[in-house]
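I have placed the structure first, in the form of structure tokens, so that the comments after it can refer back to it.
The values are calculated or read from the model by the stated rules, or taken from the named source; none is laboratory data. Just so it is clear, the structure is predicted and the values come from calculations on it, not from any experiment. As a convention, Cβ positions derive from the backbone with ideal geometry for all residues, glycine included, and neighbour counts pool all protein chains shown.
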Amino acid sequence: MNTTPHSHDRALVLAGAGAAGNAWQLGLIAGLSDVGIDLTAADVVIGTSAGSTVAAQITSGTPPQELYAAIIAGSPRPASADPASGAISSTHRPTPGHLSGPSYMEWSDRIIDASADAADWRRRMCAAALERDAPDGSGQNRWREIVAARLPRHDWPGQSVLITAVDVVTAEPVVFDRLSGVDLVDAVAASTSNGFGGTYAIGAKRYVNGAYRRSSNADLAAGCARVLVLEPFSGRSRSPREWGMDLATQVEELRAGGSAVETVFPDAGAGDVFNANALDPATRLPAARGGHEQGRALAARLSEFWN
């Protein structure tokens, strides 16, 4: 699990944001590819939650245009797939107790409000996630099947890909890469498990969502000369600013370390989908189309920075 600073030139950071975020990022990357800006050629790709799915997809060798076209065509997904479509899931461990009670937002808001700082929040989140594990572990294999179906290939790519998660027992962040001894599918499944549907087990350990480390984990690109962050939630954070979880704090840290940083947030073209509805699969089509148009329009701004 590699968390040391990098000496790479270009880093691509892919944050999470449910079905909408996954689709917007894929559309944006395809649109940029159309105008000669190839984000898949990044020296290091950092994926968190929905962004971990995108990281695995775009480094699979599948052209971005094909990934985008699959969204537009409405490629079928497993019938019981969760609404995140490559993102965090609120129902991937369905048990009777998950069919009623608070929503994910209500559940997680209560934990944030009760927490003293980021470390305390992670501890509370991990403990709460363990309480939501299905007694028979029935969701584990099904969730892995769902994640596997989304990835064009299941082996780690040759380039550096970092997938974030949090160890439930220690409440400490972890970063998976091709040297971690963890299957790519398992790494993505762990990063996309938000805890509301339980934890995700890899061997004897259990994990939850990588966004519980930091919102987009852009700081993992420390040491890279150029860092491009695709942030579907426009840098917003639900945690207090003083916790240092927000993207702005991470960007400040990167720039202080000598990195040039560009951030891309959704424009109006994707519609009003980057909110509590981001998990809804109905957001995928407008988000992807909006991202694609936005990507093509960003040629002038990003060409010199990236190429």
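Tabulated results
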{"item": "Selection within region 8-49 - out of contact with any helix residue (DSSP H, G or I) (no Cβ under 6 Å at 6 or more places or on another chain), of a type outside the set (D, E, K, R) and not in a loop (DSSP other than H, G, I, E, B)", "result": "Ala41, Val44"}
{"item": "Any hit, region 136-146, residues being closer than 17 Å to Leu14 by Cβ, hydrophobic (A, V, I, L, M, F, W, C) and in contact (Cβ under 8 Å) with a residue 60 or more places away in the chain", "result": "no"}
{"item": "Flag for Thr192 being of a type outside the set (Gly, Ala, Ser) and without any contact (Cβ under 8 Å) to a residue 40 or more places away in the chain", "result": "no"}
{"item": "Residue within region 191-212 that is touching a Ser or Thr at 6+ places or on another chain (Cβ under 6 Å) and among the aromatic types (Phe, Trp, Tyr) present", "result": "yes"}
{"item": "Hits in region 12-58 - residues which are surrounded by fewer than 24 Cβ atoms within 10 Å (Cβ to Cβ) and either modelled with pLDDT under 95 or not aliphatic (A, V, I, L, M) (or both)", "result": "Ser33, Asp34, Gly36, Asp38, Thr40, Asp43"}
{"item": "Residue check for Glu231: of a type in the set (Asp, Glu) and in contact (Cβ under 8 Å) with a residue 60 or more places away in the chain", "result": "yes"}
{"item": "Candidate set from region 59-91 (those that are in contact with a strand residue (DSSP E or B) (Cβ under 7 Å, 6 or more places away or on another chain) and not hydroxyl-bearing (Ser, Thr, Tyr)); member that is modelled with the lowest pLDDT", "result": "Ile88"}
{"item": "Filtered residue count, region 266-280, keeping only those that are under 24 Å from Phe305 (Cβ atoms) and buried (at least 24 other Cβ atoms within 10 Å of the Cβ)", "result": "2"}
{"item": "Strands (runs of 3 or more DSSP E) wholly inside region 177-277 containing at least 2 residues that are in contact with a helix residue (DSSP H, G or I) (Cβ under 8 Å, 6 or more places away or on another chain), more than 23 Å from Arg153 (Cβ to Cβ) and of a type in the set (A, V, I, L, M)", "result": "226-230, 260-264"}
{"item": "Residues that are buried (at least 18 other Cβ atoms within 10 Å of the Cβ), closer than 19 Å to Gly18 by Cα and of a type in the set (A, V, I, L, M), drawn from region 104-147", "result": "Met125, Ala129, Ile146, Val147"}
{"item": "Matching entry among Ala128, Ala165, Ala149, Ala116 (being outside any helix (DSSP H, G or I) and modelled with pLDDT under 95)", "result": "Ala116"}
{"item": "Residues that are among the aliphatic types (A, V, I, L, M) and surrounded by fewer than 24 Cβ atoms within 10 Å (Cβ to Cβ), drawn from region 214-244", "result": "Ala222, Ala225"}
{"item": "Only listed residue being more than 24 Å from Ile111 (Cα to Cα), crowded, with 22+ Cβ neighbours inside 10 Å and among the hydroxyl-bearing types (Ser, Thr, Tyr), chosen from Thr263, Thr283", "result": "Thr283"}
{"item": "All positions within region 38-56 that are more than 20 Å from Phe274 (Cα to Cα) and of a type in the set (Val, Ile, Thr)", "result": "Thr40, Val44, Val45, Ile46"}
